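Trainee: Below you'll find the structure I mean.
The values are calculated or read from the model by the stated rules, or taken from the named source; none is laboratory data. Owing to the predicted nature of the structure, the values given are computational and were not obtained by experimental measurement. Cβ atoms come from the backbone with ideal geometry, glycine included; neighbour counts cover every protein chain shown.
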Amino acid sequence: MYGDVHVGTIAKAVGNPSAGPCWQWQCGFYPGSEPGECSNGSAGSFEQARDDFLKAWAVFLSKRTEADFDEWREQRDWTERKYAAWARGERMPAR
């Protein structure tokens with residue numbers, strides 16, 4: 001998390017435990033970035049995955065403005081309102 005924005009994940013990979021790296025990472029968020037700006041990878045240890053993530057995050061963050069974070073927040077808030085309206089049985093107005 002970067003403030004209130006979910007900017008990435010580091011997680012233990014699932015599947016065949018004897019096949020390849022066991023940690024995966026994903027860095028970036030959308031909306032608020034362009035396609036291809038988010039990155040991901042895998043590593044053999046949590047420490048390596050964290051190091052790789054932090055390097056990718058430094059690059060990604062250097063290209064962000066506050067407007068990018070606001071765009072992500074607006075989408076998050078709109079989605080929350082949409083699901084709340086659906087739970088009340090309402091239809092969503094046109095955007």
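Trainee: Here are some residues: Lys63, Lys82. Which one is among the charged types (D, E, K, R), without any contact (Cβ under 8 Å) to a residue 24 or more places away in the chain and on the phi < 0 side of the Ramachandran plot?
Mentor: Lys82
Trainee: Of the residues in segment 24-61, how many are over 20 Å from Asp4 (Cβ atoms) and hydroxyl-bearing (Ser, Thr, Tyr)?
Mentor: 3
Trainee: Another question, then. Return yes or no: is Phe29 under 12 Å from the mean Cα position of the chain (by Cα) and part of a helix (DSSP H, G or I)?
Mentor: So Phe29 fails the test.
Trainee: Now a separate question. Name the pairs: first residue in segment 5-25 and within 26 Å of Gln75 (Cα to Cα) and hydrophobic (A, V, I, L, M, F, W, C), second residue modelled with pLDDT of 90 or more and in a loop (DSSP other than H, G, I, E, B), Cβ to Cβ under 9 Å, at least 6 apart or on different chains?
Mentor: Final answer for the pair search is Val5/Phe29; Val5/Gly32; Val7/Met1; Val7/Gly28; Val7/Phe29.
Trainee: Only residues that are surrounded by fewer than 16 Cβ atoms within 10 Å (Cβ to Cβ) and more than 18 Å from Phe60 (Cα to Cα): list them for segment 17-46, please.
Mentor: Within segment 17-46, Pro17, Ser18, Ala19, Gly20, Pro21, Gly44, Ser45, Phe46 meet the criteria.
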